[in-house]
Amino acid sequence: MPAAARVDPKAYFSPTEWATLARRSRWKGLALLAHAWGVIFAAAAMAVIWPLTLPLAVMIIGGRQLGLSILMHDAAHGALHPNPRINDLAGEWLTGGGLARYRAYHLGHHKYAQQDEDPDIGLSAPFPITRTSLRRKMLRDLTGRTFFKQRFGDLVRRLKDRAPGQPVLPILVEEVRRKRRWLLGGVVITLVGGAFGVWWAWPVFWVLPQATWFPVITRLRNIAEHACIARGEPDPLRQARTTHAGWLARAVLAPYWVNYHCEHHMFMHLPCYNLPRAHRLLAGKGVLDAMLHEPGGYRTVLARATSRPETPAATAAAAG
């Protein structure tokens with residue numbers, strides 16, 4: 001199948017407008033990274049001082065973990081910094097790692113958006129689903145089952161499939177090698193936290209949000225971006241959805257303008273901080289009505305994505 005249709009910026013913006021939108025700042029992307037880490041440390045400090053605020057801290061930190069993923073996503077498009085070397089170093093070492101692997105995967109998603117070859121098509125294909133099905137999925141997210149499957153499912157499979165008599169140690173060594181940056185981060189956080197008497201900082205303030213709130217909001221973000229969009233959709237203005245996000249949604253669900261997803265797919269190399277301006281310009285030119293966008297926010301998108309009637313067959317499928 002041919003690649004998804006692309007959008008020509010000249011069809012919507014003047015040369016001056018496009019030059020302003022496409023300009024990559026030398027400091028804004030790095031400032032957003034500093035902001036994400038600053039919020040994470042502030043939320044952790046809040047929970048240390050007032051332990052009863054831990055659930056709130058988990059939500060805040062999980063939201064900024066998603067924010068770091070979004071900034072790595074910008075780096076995958078070369079939009080985090082105008083210097084390619086700084087862009088890649090920051091995207092690899094200051095966001096959680098995995099940039100090169102993610103870039104190859106994600107650019108395939110853009111090339112074949114909503115087509116059969118889209119590596120993310122499986123995330124949007126099942127929708128709409130039932131409310132029961134979504135509740136079950138979110139329960140798996142909140143209880144860490146999704147995290148465990150994604151993080152350690154391959155290890156479990158390799159241990160189960162090993163030949164009789166095959167030693168376990170080489171498999172475990174390979175797993176440590178694969179996760180070395182994640183584990184190195186744990187060592188660093190533990191050492192720094194230990195200096196301040198909070199040696200348990202990594203499992204509580206990093207792994208716990210990563211295993212609970214982060215999967216939930218990642219699922220909700222994926223639903224908002226591509227659920228209930230026709231498979232094989234030919235219109236590049238309707239292959240992704242922009243969703244209105246108020247201040248609370250931006251704080252815990254949609255950081256760093258990730259909700260402007262239609263604009264991102266239309267102009268995938270724009271830095272995230274320029275997407276709101278692109279949205280306003282397109283609205284002023286009357287283009288917004290042709291785009292896929294949801295002014296009602298995430299609640300409205302979720303209502304549409306869970307509009308499948310509850311039936312015995314659907315309930316049984318959700319249970320499976």
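Each reported figure results from applying straightforward, stated rules to the coordinates on display, with no laboratory input. None of these values were measured; they are calculated from a predicted model. Using ideal geometry, Cβ is built from the backbone for each residue, glycine included, and neighbour counts are taken over all protein chains shown.
Structure values in brief
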quantity	calculated
Reported label for calculated Rg/Rh (Cα atoms, Kirkwood Rh) given (1) 1.10; (2) 0.98; (3) 1.03	(2)
Segment 1-55 - convex hull of the alpha-carbon atoms, volume per residue in Å³	176 Å³
Alpha-carbon Debye profile of segment 19-168, log10 I(q)/I(0) at 0.10 Å⁻¹	-0.55
Between segment 237-279 and segment 64-112, the Cα center-to-center distance that results, in Å	16 Å
Under 13 Å, Cβ to Cβ, from Pro126 - net charge with Lys/Arg +1 and Asp/Glu -1	+4
FRET efficiency, 1/(1 + (r/R0)^6) with R0 56 Å, evaluated for Val173 and Thr311 via beta carbons	0.70
Dipole of the chain, positive end: most advanced residue of Ala240, Trp182, Leu99 [Cβ charges, Cα centre]	Trp182
Residues Glu263, Glu225, Glu310 arranged by fewest to most Cβ contacts within 10 Å	Glu310, Glu225, Glu263
Relative contact order (%) - segment 56-113, alpha-carbon pairs under 8 angstrom, separation at least six	28 percent
Positive-pole candidate from Ser25, Ile129, Pro15, dipole of the chain, charges at beta carbon	Ile129
Separation of the Leu123 and Thr20 label points, Cα + 7 Å toward Cβ, nm	3.1 nm
Under the Karplus curve 6.51 cos²θ - 1.76 cosθ + 1.60, θ = phi - 60°, whole-Hz ³J(HN,Hα) for segment 61-71, x wherever Gly or Pro sits	5, x, x, 7, 4, 4, x, 5, 5, 5, 6
Per-residue Cβ neighbour rank within 10 angstrom, fewest leading, Thr132, Thr311, Thr242	Thr311, Thr132, Thr242
Charge sum, other residues only, whose C-beta stays under 15 Å from Arg238's C-beta, Lys/Arg counted +1 and Asp/Glu -1	-3
Simple Cβ-charge dipole of segment 96-136, Lys/Arg +1 and Asp/Glu -1, about Cα centre, in debye nearest 20	300 debye
Rounded to whole Å, sorted largest first: equivalent-ellipsoid semi-axes of segment 2-108, Cα gyration tensor	32, 16, 14
Cα lying deepest toward the dipole's positive end in the chain, options Thr311, His73, Trp200, charges on Cβ	Trp200
Residue-count net charge about Ala76 - beta-carbon cut-off 12 Å; Lys, Arg +1, Asp, Glu -1	-1
